[in-house]
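Since the structure comes first, as structure tokens, the remarks are kept for the end.
Values quoted throughout were computed directly from the atomic coordinates according to the rules given, and no laboratory measurement underlies them. Bear in mind that the values here come from a model prediction, so they are computed numbers and not experimental data. A quick note on method: Cβ atoms are made from the backbone with ideal geometry, for glycine too, and the neighbour counts reach across all protein chains shown.
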Amino acid sequence: MKKVLEVPVSKQEIFFEMIKKIYWVRWICTYLIMTFFILNSCKSVSVLPSKTPIKNIKIKELGGEISKAKLNYKNIRSRIKTEYDDGKRKQQIILNLRMIDKKAIWISATMLIPIGKLLMTPDKISFYEKFQRTFYEGELTFIKEFFNIDFEFNDLQNILLGYPIINITENKWKRISHPNFYVLNSSGNSKDFTQTLFFDPSNFLLMEQRFFLRSLNQNMTIKYNYFQKVDGKNIPRLIEFVVPYDSGYRRLVLEYTRVDFPEDLNLPFSIPDGYKPLNFLEK
């Protein structure tokens with residue numbers, strides 16, 4: 001029987017064998033990691049800010065970026081210059097606005113002197129005006145009944161801060177091709193109105209909302225002409241409401257001249273004695 005000779009293995013050979021094994025482990029790991037990223041990149045298109053809209057973006061992914069652009073705040077306070085123009089006359093009023101997210105909207109209106117106040121919560125609306133010495137207190141549902149539209153408290157807060165009143169991620173939308181904006185249409189989401197939204201592809205901010213109110217057979221456009229940065233947050237600088245009327249239009253412009261985010265807010269409100277109640281629903 002032949003004896004097999006065992007050739008001694010040097011330390012150098014052992015070392016180089018270990019290097020080979022380590023090299024292959026690293027190569028395999030690198031390959032797997034690259035494969036993982038390639039496969040994941042194939043699953044969805046990364047939505048990045050761009051000068052022009054990207055064609056193959058899914059609405060769900062676009063909605064996610066739009067949601068990220070939404071302002072997170074606790075309290076907000078602003079001085080707003082307003083101008084109303086119906087083609088025949090113009091009128092300017094200064095509004096002091098205070099809002100608590102999802103809880104309250106408080107407005108004090110002045111011309112040369114204070115002329116009225118409004119306080120709105122998710123359930124109630126109260127206001128008074130000093131010219132006719134009248135007031136109203138009631139449930140917010142009167143807006144739904146008076147205008148025959150489905151109106152919620154958050155809708156007004158969203159409009160004042162430059163957001164859609166319909167949730168992008170929770171409803172069905174149709175994308176409309178446009179060379180400069182991401183355009184979404186909500187024709188199947190509500191029986192009361194249709195909404196068309198225009199978003200800036202460079203920052204996903206809302207530039208324009210268009211409404212058609214079926215019950216009133218009325219169009220309305222809200223334009224967010226400029227945004228401003230306040231404490232790193234995007235706030236509308238200029239909001240323009242345009243409503244066609246007869247052969248002309250009615251136009252309301254809000255200019256946010258001062259904005260801050262105080263930790264606490266006071267919302268003083270009390271109806272003066274001797275004011276007469278209003279009833280919007282009386283026939």
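Positive contributions from Lys and Arg (+1) and negative ones from Asp and Glu (-1), summed over other residues with Cβ under 14 Å from the Cβ of Ala109, come out at +3. Shape descriptor for region 66-270: Rg over Rh equals 0.95 (Cα atoms; Rh from the Kirkwood inverse mean 1/r). Stretched out straight at 0.36 nm per residue, the stretch from Lys88 to Ser270 would grow longer than its current Cα-Cα span by 62.1 nm. Placing dummy labels 7 Å off each Cα toward the beta-carbon, the span from Lys233 to Lys130 is 3.0 nm.
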